[in-house]
Amino acid sequence: MTLIEVILSMMEGGVYKNSPLHGVSEIDIINRNTVRVTFRDKIDCSILSSIALEEGYTVDSGSYKPRIMDRGTIVIRVGSRSDRGGDRSLFLYLIPSSIDSMNTYDKCIASMHGILDIDGNKIDLGKLVNYNLRILKVVEKYWEYRYGYMRRRRI
């Protein structure tokens, strides 16, 4: 199973009970749009940043851990000392699939990306899926880069 498959299964209400993915300590659905993926090792920010830039995102960092941005919106951030999992965690900020589940901020972001038509109060499911999968793809690529080679070597 891939990391994306596990996250999507969990977001649909499932519980992941199989053996843990290589290099992944824990996956938590924090709320309707936030997922925390905790890895075994500290996040390699240079690898994550390279993948994010390759996928068309910008990276904001300074005196804090990197934040992966899409049009000024944080879509992924590296955990800090105060977060559970600390700098071994990535927080993914997805857009919920239901208007009723969206808060005002979610609606603004969804509208800005053409996902939500506020006038018609309708979601473009194709755009929603593409937006969320793009975020998940960055984390999947990071996981494959960091742990994939080791996993294949053991087979």
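The values are calculated or read from the model by the stated rules, or taken from the named source; none is laboratory data. In this text the structure is predicted, and so the values were computed from the model without any measurement. Glycine gets a Cβ as well: all are built from the backbone with ideal geometry, and neighbour counts include every protein chain shown.
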Here is a check on your reading of the model: is Tyr142 of a type in the set (Phe, Trp, Tyr) and within 20 Å of Glu5 (Cβ to Cβ)? yes
Considering each residue of segment 120-144, count those that are closer than 13 Å to Gly56 by Cβ, of a type outside the set (Lys, Arg) and either surrounded by 19 or more Cβ atoms within 10 Å (Cβ to Cβ) or over 18 Å from the mean Cα position of the chain (by Cα) (or both), and give that number. 3
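Residues to consider are Arg88, Arg77; find the one that is under 24 Å from Leu8 (Cβ atoms), surrounded by 13 or more Cβ atoms within 10 Å (Cβ to Cβ) and free of Cβ contacts under 8 Å to residues at least 60 places away in the same chain.
Arg77
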Show me the helices (runs of 4 or more DSSP H) found entirely inside segment 1-114 where at least 3 residues are at pLDDT 95 or above and under 12 Å from the mean Cα position of the chain (by Cα). none
Take Val59 and tell me if it is surrounded by 13 or more Cβ atoms within 10 Å (Cβ to Cβ) and in contact with a helix residue (DSSP H, G or I) (Cβ under 8 Å, 6 or more places away or on another chain). yes
Would you point out the residue of segment 123-155, among those that are outside any helix (DSSP H, G or I) and out of contact with any helix residue (DSSP H, G or I) (no Cβ under 8 Å at 6 or more places or on another chain), that is modelled with the highest pLDDT? Asp124
Return yes or no: is Val59 among the hydrophobic types (A, V, I, L, M, F, W, C) and touching a Lys or Arg at 6+ places or on another chain (Cβ under 6 Å)? no
